[in-house]
Amino acid sequence: MKTYIPKLAEIERKWHLVDAEGKILGRLASRIAQILSGKDKPIYTPHLDVGDFVVVINAEKVKVTGGKEEKKIYYRHTGYPGGLKERTYEELLSKKPQDIIRKAVRGMLPKNKLRRQMFKKLKVYTGSEHPHQAQRPEKLDF
């Protein structure tokens, strides 16, 4: 018996719509990472990107637990000496709420060459409107 490996032409990609309103950030991000990597499909293969597209709406209404609104800090570095910048969750929520979900999901994707390919299939929007109506995304509830 041989191991089945899907061909690139055989991979069907669906579009999923996720409403982040009232959802807990970590649980939402881990579920989205599973869908992006294709682990919810029976044809999952670790060395191929078999995942689906995910559209997230209402990113500004995601919740965090345990007082992380004030305590959680996001770091980034400019590349110059002394260029370590930090922002709290509240600051990032007021300026770029879609980046909160992007950073959480990106950290949960595998750290290999497929990460960027999987991450490109994530679309995050702050309001309830999105430009992907033509793809007819299926609504996901978790």
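What is the one condition in (1) within 12 Å of the chain's Cα centre (by Cα); (2) farther than 18 Å from Ile24 by Cα; (3) free of Cβ contacts under 8 Å to residues at least 24 places away in the same chain that Met118 does not satisfy? Condition (3) is where Met118 drops out. The set of residues in the range 46-88 being hydroxyl-bearing (Ser, Thr, Tyr) and under 24 Å from Arg116 (Cα atoms) consists of Tyr74, Tyr75, Thr78. In this structure, Gln98 qualifies as surrounded by 12 or more Cβ atoms within 10 Å (Cβ to Cβ), within 23 Å of Gly22 (Cβ to Cβ) and of a type outside the set (D, E, K, R).
Annotation note: of Val105, Val54, the sole residue that is surrounded by 12 or more Cβ atoms within 10 Å (Cβ to Cβ), in contact with a Leu (Cβ under 8 Å, 6 or more places away or on another chain) and assigned to a strand (DSSP E or B) is Val54. Thr126 passes all but one of (1) of a type outside the set (Lys, Arg); (2) surrounded by 10 or more Cβ atoms within 10 Å (Cβ to Cβ); (3) part of a helix (DSSP H, G or I); which number fails? With respect to (1) of a type outside the set (Lys, Arg); (2) surrounded by 10 or more Cβ atoms within 10 Å (Cβ to Cβ); (3) part of a helix (DSSP H, G or I), Thr126 is out only on (3). For the range 73-83, check the following and say yes or no: at least one residue is surrounded by fewer than 17 Cβ atoms within 10 Å (Cβ to Cβ) and β-branched (Val, Ile, Thr). Yes. For the range 11-51, the set of residues classified as without any contact (Cβ under 8 Å) to a residue 12 or more places away in the chain and assigned to a helix (DSSP H, G or I) consists of Gln34 only.
Scanning the range 60-95 for residues that are among the aromatic types (Phe, Trp, Tyr) and assigned to a helix (DSSP H, G or I) returns a single hit, Tyr89. Determine the pairs where a residue that is small (Gly, Ala, Ser), located within the range 55-74, has a partner that is part of a loop (DSSP other than H, G, I, E, B) with Cβ atoms under 9 Å apart, the partner being 6 or more residues away or on another chain. Here the result reads Ala59/Ala20; Ala59/Tyr125; Ala59/Thr126; Ala59/Gly127, each pair linking the range 55-74 to a residue that is part of a loop (DSSP other than H, G, I, E, B).
Values in this text are rule-based calculations from the coordinates and carry no lab data. A quick note: this is a predicted structure, and the numbers were derived from the prediction, not measured. Quick reminder, even Gly has a Cβ in these numbers, built from the backbone with ideal geometry, and neighbours come from all protein chains shown.
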